[in-house]
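Q: Just dropping this structure here.
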Amino acid sequence: MTAQVFQAIAPRPAPVKVEGFVAWIRTNLFGDLRTSLGTLAIGAVLLWIVPPLIQWLFINAIWIKDYQACHNGSGACWGVIAEKYRIII
Amino acid sequence: MSDTPPKKSWSWRSQAFRGLVYQVLAVTLIVLCVGYLAHNTQTNMRERGIQSGFDFLNSAAGFDIGESLIAFDSGENYWHAYFIGFTNTLRVAITGLILTTILGTLIGVGRFSRNALVRGLCVCYVELFRNIPVLLQLLMWYLMFTEVLPDSANPIKLGPLFLSKGGLNFPIPVWATGQYFAAIGMGLALLVAWAYRRWAIQSFERTGVPRSLFWVPVAIILGFGVLGWIIGGAPSEFNMPMQGEFAIENGGALTPEFLSVLLGLTIYTAAFVAEVVRGGIQSVALGQTEAAAALGLGRGQTMRLVTLPQALRVIIPPVTNQYLNLTKNSSLAVAIGYPDVVSIANTAINQTGRAVECIAIIMAVYLSTSLLTSLLMNWYNTRSAIKER
């Protein structure tokens, strides 16, 4: 009788990925029903707050020491720091 | 065998005697130091012609207080003014303590949520509000209330509530016989509910039949309150706030100073309490959670019935610290204009010049409040300790 050497077949890939960015989102943000609803609710609140905040802080902000622009603008007036930094520090 | 010679009761070899001698020496030293300091202060003050003594407390105050639970006018004496300041401090301290406990516990428990967004938000909350000095936070809230909110002329309307620069106006029920009876009924109901709880716990230990320990007492208290209200004629009149010409009239009001002190202190201290709660939950052995899961308890039930009661032993002493911190941080309200006891004392010092006496009164007030709080919390700590060997 010839000896039969065990030949392993190629391993099949795992059916569901447990590593990686998408898998992390699926378990941590959408693990079960309550978690998913929570993620959607908090996501909605964040979407409501964060874009106007970024607009006020960075996009519409006045970066130069210009009183008229600060007065008419709708963003943060960072020029006041350049103006008053000696008192602040 | 030779015995050691018997120790005479007053011999230096007796540890009790040595301890007694050291204690008497220490107490004498402290009394001498304090006496010398007090005598020195008095002599110096007399030499410089500074008046001393607590007799100024009986003279008329001559200033008005912004907000008070009891009516105050400038003709009342300084005792009354200090008392009003004390009630204001208690008002913000007690409300702040309750809100801080609730908020801090929620955020501390939220650190262990399955949802990564909730976990991240709790981390951000704690790191943000722990690292900014509390005076800056109070000023920020005060600026929000006085700059960002609209004028009293066109306030934000949330149902029957008005939110404006003048504060938060809300409808207040008109106090009539029905409310009196309701209050008396709820006082009686507290005794009945306590008796029911004792009977329910004893009955459970006797027979093993579990009885509701929370919802039935709550139903008893609410039921007696509603019964008293109905017996008193069921008055349902409310004092509604209305848009006046310059300001909101009628209704109850929370001033922006009170709201900013309350919000600032609560949110600041809740960050610390959240970290203490998180440490307490982590101190409970992981096997407890696994055993609870093996029993089939859900995550919420595990947290409520297994983890938090065991974590209480670790949580209570640091949380007592935070309670005392909140009480003493309320003295920062003087920077905002909230008339707490430090603000009243400041005005009194400016008017009478009796700095030593006024500061001594403030110290006595905060010392007694803090001692009472820590006494109660230590009693609670002993009661909730796990009985070991």
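Q: Going by what's in this entry, would B:L99 be described as closer than 30 Å to A:T35 by Cβ and either open to solvent by 80 Å² or more (accessible area, probe 1.4 Å) or modelled with pLDDT of 90 or more (or both)?
A: Numbers: closer than 30 Å to A:T35 by Cβ: yes; either open to solvent by 80 Å² or more (accessible area, probe 1.4 Å) or modelled with pLDDT of 90 or more (or both): yes.
Against the criterion (closer than 30 Å to A:T35 by Cβ and either open to solvent by 80 Å² or more (accessible area, probe 1.4 Å) or modelled with pLDDT of 90 or more (or both)), B:L99 qualifies.
Q: If you go through region A:38-89 one residue at a time, how many are in contact with a Ser or Thr (Cβ under 6 Å, 6 or more places away or on another chain) and closer than 30 Å to B:A116 by Cα?
A: Number of matching residues: 0.
Q: Out of region B:95-118, which residues are within 13 Å of another protein chain (Cβ to nearest Cβ) and within 15 Å of B:A270 (Cα to Cα)?
A: B:G110 - this is the single residue of region B:95-118 that is within 13 Å of another protein chain (Cβ to nearest Cβ) and within 15 Å of B:A270 (Cα to Cα).
Q: Follow-up question, since we're still on this one. Is one or more of the residues making up region A:3-10 surrounded by 12 or more Cβ atoms within 10 Å (Cβ to Cβ) and either in contact with a Cys (Cβ under 9 Å, 6 or more places away or on another chain) or more than 22 Å from B:F112 (Cα to Cα) (or both)? I'd like the intermediate steps shown before the answer.
A: At the first step, the residues of region A:3-10 found to be surrounded by 12 or more Cβ atoms within 10 Å (Cβ to Cβ) are none.
Taking every residue of region A:3-10 in turn, none turns out to be surrounded by 12 or more Cβ atoms within 10 Å (Cβ to Cβ) and either in contact with a Cys (Cβ under 9 Å, 6 or more places away or on another chain) or more than 22 Å from B:F112 (Cα to Cα) (or both).
Q: Yes or no: B:V34 open to solvent by 80 Å² or more (accessible area, probe 1.4 Å), modelled with pLDDT of 80 or more and in a helix (DSSP H, G or I)? It would help to see each step written out before you state the result.
A: Numbers: open to solvent by 80 Å² or more (accessible area, probe 1.4 Å): yes; modelled with pLDDT of 80 or more: yes; in a helix (DSSP H, G or I): yes.
Criteria met by B:V34.
Q: Something else: Being farther than 24 Å from B:A311 by Cβ and open to solvent by less than 40 Å² (accessible area, probe 1.4 Å) is the filter here; which residues of region B:361-389 pass it?
A: B:I361, B:I362, B:V365, B:Y366, B:T369, B:S370
Q: Has region B:163-170 got at least one residue that is within 26 Å of B:G244 (Cα to Cα) and hydroxyl-bearing (S, T, Y)? Can you show your working first?
A: Kept after step one, since they are within 26 Å of B:G244 (Cα to Cα), are these residues of region B:163-170: B:163-170.
Going one step further and asking which of them are hydroxyl-bearing (S, T, Y), we end up with B:164.
Yes, region B:163-170 contains at least one residue that is within 26 Å of B:G244 (Cα to Cα) and hydroxyl-bearing (S, T, Y).
Q: Would you pick out the residues in region B:45-72 that are open to solvent by 60 Å² or more (accessible area, probe 1.4 Å), farther than 30 Å from B:T89 by Cα and in a helix (DSSP H, G or I)?
A: Matches in region B:45-72: B:R46, B:E47.
Q: Is region B:119-138 home to any residue that is among the aliphatic types (A, V, I, L, M), more than 14 Å from chain A (Cβ to nearest Cβ) and open to solvent by 70 Å² or more (accessible area, probe 1.4 Å)? Steps first, please.
A: Going through region B:119-138, the residues among the aliphatic types (A, V, I, L, M) turn out to be B:121, B:123, B:126, B:128, B:132, B:134-136, B:138.
Still in the running and more than 14 Å from chain A (Cβ to nearest Cβ): B:126, B:132, B:134-135, B:138.
Applying the additional criterion that residues be open to solvent by 70 Å² or more (accessible area, probe 1.4 Å) yields none.
No, every residue in region B:119-138 fails to be among the aliphatic types (A, V, I, L, M), more than 14 Å from chain A (Cβ to nearest Cβ) and open to solvent by 70 Å² or more (accessible area, probe 1.4 Å).
Q: Next up: Filter region B:116-166 down to the residues that are outside any helix (DSSP H, G or I) and among the aliphatic types (A, V, I, L, M) and list them by number. Spell out how you get there, then give the answer.
A: Here is the first cut: in region B:116-166, the residues outside any helix (DSSP H, G or I) are B:132-133, B:149-166.
Of everything in region B:116-166, those that are outside any helix (DSSP H, G or I) and among the aliphatic types (A, V, I, L, M) turn out to be B:I132, B:L149, B:A153, B:I156, B:L158, B:L161, B:L163.
Q: Here's a follow-up. Criterion first (in contact with a strand residue (DSSP E or B) (Cβ under 6 Å, 6 or more places away or on another chain), open to solvent by less than 40 Å² (accessible area, probe 1.4 Å) and at pLDDT below 90) does B:P241 satisfy it? Walk me through how you get there before you give the answer.
A: On the way: in contact with a strand residue (DSSP E or B) (Cβ under 6 Å, 6 or more places away or on another chain): yes; open to solvent by less than 40 Å² (accessible area, probe 1.4 Å): yes; at pLDDT below 90: yes.
Judged against the criteria, B:P241 is a match.
Q: Follow-up question, since we're still on this one. For region A:11-83, give me every one of the helices (runs of 4 or more DSSP H) that falls completely inside it and has 3 or more residues that are within 14 Å of chain B (Cβ to nearest Cβ). Give the derivation first.
A: Values: elements: A:21-28, A:33-54, A:67-72.
Passing ranges, in order: A:21-28, A:33-54.
Q: Same structure, new question: Consider B:N88 carefully, then state whether it is touching a residue at least 12 places away in the same chain (Cβ under 8 Å), crowded, with 17+ Cβ neighbours inside 10 Å and among the polar types (S, T, N, Q). Lay out the reasoning, then the answer.
A: Working: touching a residue at least 12 places away in the same chain (Cβ under 8 Å): yes; crowded, with 17+ Cβ neighbours inside 10 Å: yes; among the polar types (S, T, N, Q): yes.
So B:N88 fits the description; yes.
Q: Looking only at region B:170-182, how many residues end up being surrounded by 15 or more Cβ atoms within 10 Å (Cβ to Cβ) and farther than 23 Å from B:G159 by Cβ?
A: 4
Q: Assess whether B:P217 counts as being part of a loop (DSSP other than H, G, I, E, B), surrounded by 15 or more Cβ atoms within 10 Å (Cβ to Cβ) and of a type outside the set (S, T, Y).
A: no
The values are calculated or read from the model by the stated rules, or taken from the named source; none is laboratory data. Since we're looking at a predicted model, the values are computed, not measured. Ideal geometry is used to build each Cβ from the backbone, glycine not excepted, and the neighbour counts take in all protein chains shown. Ligands, DNA and RNA are stripped out before the accessible areas are found, and what is left, the full protein with its side chains, is counted by its heavy atoms. Shrake-Rupley method; radii C 1.70, N 1.55, O 1.52, S 1.80 Å.
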